[in-house]
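Right, one structure below, let's go through it.
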Amino acid sequence: MIHIENICKRFGTLEVLRGISLDVADGEVVAIVGASGAGKTTLLQIIGTLSRPDEGSVLISKRNVFALDDCALSRFRNEQIGFVFQFHHLLPEFTAFENVCIPGLIGRRPRAEVESRARELLDLMGLSARCDHKPGQLSGGEQQRVAIARALINSPAVLLADEPSGNLDTRTRDEIHRLFFELRDKLGQTVVIVTHDEHLAAMSDRKITMSDGRIIF
């Protein structure tokens, strides 16, 4: 599903990624761990096409994503990559249902199709009764489940999560962790997670450890 070869990234004189190569299989849940400053989030941003590498290539579903022009890359990102962040980034003026629909409508998919899929995903997240609630009326765990549903609305090839449970209590954190594996089992979803949570990393199909811009094991 993902093939990364010899990725390098610099910010001025600071070399953040130093020749990263990595393969992620279809339907695999991979955790990327390491100390702060190891380059984990920068790597995730490059996989997600939010940042371009200085060297190397990224293939997702056999597409060389950085060979695309900016317009095609934006369309690819909307259709093929879902993002989940530590802070949910839900739009406060919209309901849970409306937040989930937004990426599908941006992608110009038929409204009826998007709304049907949004209801299916919110049901999968156990949030059918909370569809019409705005983010301020939801718990932290509910907000994160809405964010995950939003990330899945376009049936992306890859779901990328950056510290998805970092600001949740222990019980809610465990629920969110289990959800990622339910998505793998029920939807065949490929998931790449950056995390400091060793429990989540241990649950994953594979743990990748980074240090000083390199994969060490």
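The values are calculated or read from the model by the stated rules, or taken from the named source; none is laboratory data. Everything numeric here is computed off the predicted structure, so don't read it as measured data. Please note: Cβ atoms are built from the backbone with ideal geometry, for glycine as well, and neighbour counts cover all protein chains shown. Accessible surface is based on the protein model in full, side chains and every heavy atom, while ligands, DNA and RNA are left aside. Shrake-Rupley method; radii C 1.70, N 1.55, O 1.52, S 1.80 Å.
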Here the qualifying pairs (Cβ atoms under 7 Å; residues six or more apart or on different chains; first in the stretch 193-215 and free of Cβ contacts under 8 Å to residues at least 60 places away in the same chain; second outside any helix (DSSP H, G or I) and open to solvent by less than 20 Å² (accessible area, probe 1.4 Å)) come out as Asp197/Ser165
Counting only residues in the stretch 37-52 that are of a type in the set (Ser, Thr, Tyr) and out of contact with any helix residue (DSSP H, G or I) (no Cβ under 6 Å at 6 or more places or on another chain), the one surrounded by the most Cβ atoms within 10 Å (Cβ to Cβ) is identified as Thr42
Note on the stretch 91-118: residues under 22 Å from Leu159 (Cα atoms), in a helix (DSSP H, G or I) and over 20 Å from the mean Cα position of the chain (by Cα) are Glu113, Glu115, Ser116
Checked the stretch 143-168 for anything without any contact (Cβ under 8 Å) to a residue 40 or more places away in the chain and either assigned to a helix (DSSP H, G or I) or within 19 Å of Arg117 (Cβ to Cβ) (or both); matches are Arg145, Ser155
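Taking the stated definitions as given, is Gly141 farther than 22 Å from Ile2 by Cα and under 19 Å from the mean Cα position of the chain (by Cα)?
Working: farther than 22 Å from Ile2 by Cα: yes; under 19 Å from the mean Cα position of the chain (by Cα): yes.
Yes, satisfied.
Tally time: how many residues in the stretch 160-180 are out of contact with any Phe, Trp or Tyr (no Cβ under 8 Å at 6 or more places or on another chain) and open to solvent by less than 20 Å² (accessible area, probe 1.4 Å)? If you could, list the steps in order and put the result at the bottom.
Narrowing the stretch 160-180 to residues out of contact with any Phe, Trp or Tyr (no Cβ under 8 Å at 6 or more places or on another chain): 165-166, 168-180.
The next check asks that each one be open to solvent by less than 20 Å² (accessible area, probe 1.4 Å); those that pass are 165, 172, 176-177, 179-180.
So the answer is 6.
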* Test result for Thr95, open to solvent by less than 70 Å² (accessible area, probe 1.4 Å), modelled with pLDDT of 95 or more and touching an Asp or Glu at 6+ places or on another chain (Cβ under 7 Å) -> yes
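Conditions (1) in a strand (DSSP E or B); (2) not β-branched (Val, Ile, Thr), marked per residue:
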position: Lys9; (1), (2): yes, yes
position: Ile20; (1), (2): yes, no
position: Asp26; (1), (2): no, yes
position: Thr41; (1), (2): no, no
position: Leu44; (1), (2): no, yes
position: Leu50; (1), (2): no, yes
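Kindly indicate whether any position in the stretch 53-74 is farther than 18 Å from Lys207 by Cα, touching a residue at least 60 places away in the same chain (Cβ under 8 Å) and surrounded by fewer than 16 Cβ atoms within 10 Å (Cβ to Cβ).
Going residue by residue through the stretch 53-74, those that are farther than 18 Å from Lys207 by Cα are 53-74.
Narrowing the set further to residues that are touching a residue at least 60 places away in the same chain (Cβ under 8 Å) leaves 60-61.
Still in the list and also surrounded by fewer than 16 Cβ atoms within 10 Å (Cβ to Cβ): 61.
Yes - at least one qualifying residue is present in the stretch 53-74.
Residues to consider are Gly19, Gly34, Gly12; find the one that is farther than 25 Å from His177 by Cβ, touching a residue at least 60 places away in the same chain (Cβ under 8 Å) and open to solvent by 10 Å² or more (accessible area, probe 1.4 Å). Steps first, answer last, please.
Numbers: Gly34 fails: farther than 25 Å from His177 by Cβ; Gly12 fails: touching a residue at least 60 places away in the same chain (Cβ under 8 Å).
Only one candidate passes the filter, namely Gly19.
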